[in-house]
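Structure record follows, encoded as structure tokens.
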Amino acid sequence: MKRTTLTGYLISEILAPFFFGLLAFTLVLLIARVVKLIELVVTRGVPALQIGKLLLLIMPTFLELTVPMAFLLAILLGLGRLSQDHEVLAFKASGVSPLQILWPIAGVACVIAAITLFLTVFARPAANLALKKELYAIAKSRLGTALKEKVFNQEFPKILIYVEEIVPPGNTVQGILIVDKRDRVREDVILGKVALISAEEQTNTLGLKLIDGSIYQRDKNRPGFSRTRFNIYDFKLDLDELIGPVRRKSDGTKELGFHRLIETIDEKQQQGEHAIAERIELQQRISFAFVPLVFCLLGVSLTLLPHSSRAGRSWGFLLCLFWLLAYYLLLSLGKALGEQGTLHPVLALWLPNLVVGAIALHFFMKALRESPLALMGGFDNAFIWASLRWGKIRQKA
């Protein structure tokens, strides 16, 4: 068989499952966010056009995860179909080695790795920064329309705001009452004659500078109030709480550009700081780009290993989910150890690549020697037995 024919055939086998997996995984991750975005339209009155923009800005964060995931699924389904139909056996009989099967898939893996690198290094940080600014703009504009005179405003969770009069152009309030229930054990009632409104984009907060007023504090476990008078009192409102479900809190490293991230690490190290969060973020961006290469070797090895039986596409799905779960559990473990300082950030974030890559290399060496994996054969047989039992139960029902 000609090399170009084999290459084209193998690539065509994984393309359709790749796009299917990309769509499926992305939709699964997006569902929760889409529900929250719809909630913004219904409860906050955010225009649909802005919701669409938010959705586009969220996408790079999810694609960074789903592109490698879809690639592993594509290999297991595409090459798994060839293995199930004994085409892989026919390849081997005609003199095609596992290495010749691996190289075309590895070429696609390099393209997927380049796409992932672009997403992690450039697209996702830029999108996160744009998302932060867009949410700030939405929150600020919603606040301007949300505060109404002589009405109890409940835009912020667990905070009630009543204003007597809003002085044009809208950054000064005459007569204000705030009921703050964010503390579990204490409730604050704040009264002020005048309040000055200011927004801080850097911290994404809204500041209310109350002048000449009182604070009434009530401990929920005790009766009565304690009163404190003030001349000036600063009250902060987190604008993320207006649209918080759409965006998770971060320490700011995820919005930094690649070069700015490196500069921040250098600046902190010169000041004697460890810059652990920034170094973890840097290593995560780089290590993620190598995930498709690790998944390539793993997926090809799993499909080329001699099996005592073939379990079909459902087995490919389960195999994919198992290794994805294993990889991301190792990633979570590595990040936790890195954040605690137990492991160096480089080792912490490259841990899953090293472990899964070593396992994949072991599997591939066994595939080269035509040596079956006893454990895999047991899993195959157990899965087929369970499938047959389930089929019989459905027939009886």
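Read-outs: derived from the displayed coordinates by stated rules, not from any lab. Model, not experiment: these values are computed from the prediction. All Cβ positions, even for glycine, are placed from backbone atoms using ideal geometry, and neighbour counts span all protein chains on display.
Summary table
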| read-out | value |
| --- | --- |
| Gained length - ARG186 relative to SER332, 0.36 nm times residue gap less alpha-carbon distance | 49.0 nm |
| Label-to-label distance, nm, for residues given as LEU29 and GLU370 (7 Å Cα→Cβ offset) | 4.1 |
| Placed amide H near ASP238: partners under 5 Å, 5+ positions off or other chain | LEU206 |
| Per-residue HN-Hα couplings for region 325-330 [Karplus 6.51, -1.76, 1.60; θ = phi - 60°; Hz; x = Gly/Pro] | 4, 4, 5, 6, 5, 5 |
| Cut-off 15 Å (backbone N to label point 7 Å along Cα→Cβ of ARG3), residues of region 70-107 | 96-107 |
| Entries of LYS193/LYS236; LYS36/LYS209; LYS148/LYS209; LYS158/LYS254; LYS150/LYS220 with Cα pairs more than 25 Å apart | LYS36/LYS209; LYS158/LYS254; LYS150/LYS220 |
| Computed FRET value (nearest 0.05) for LEU321 with LEU15, which takes r as the C-beta separation and R₀ as 22 Å | 0.55 |
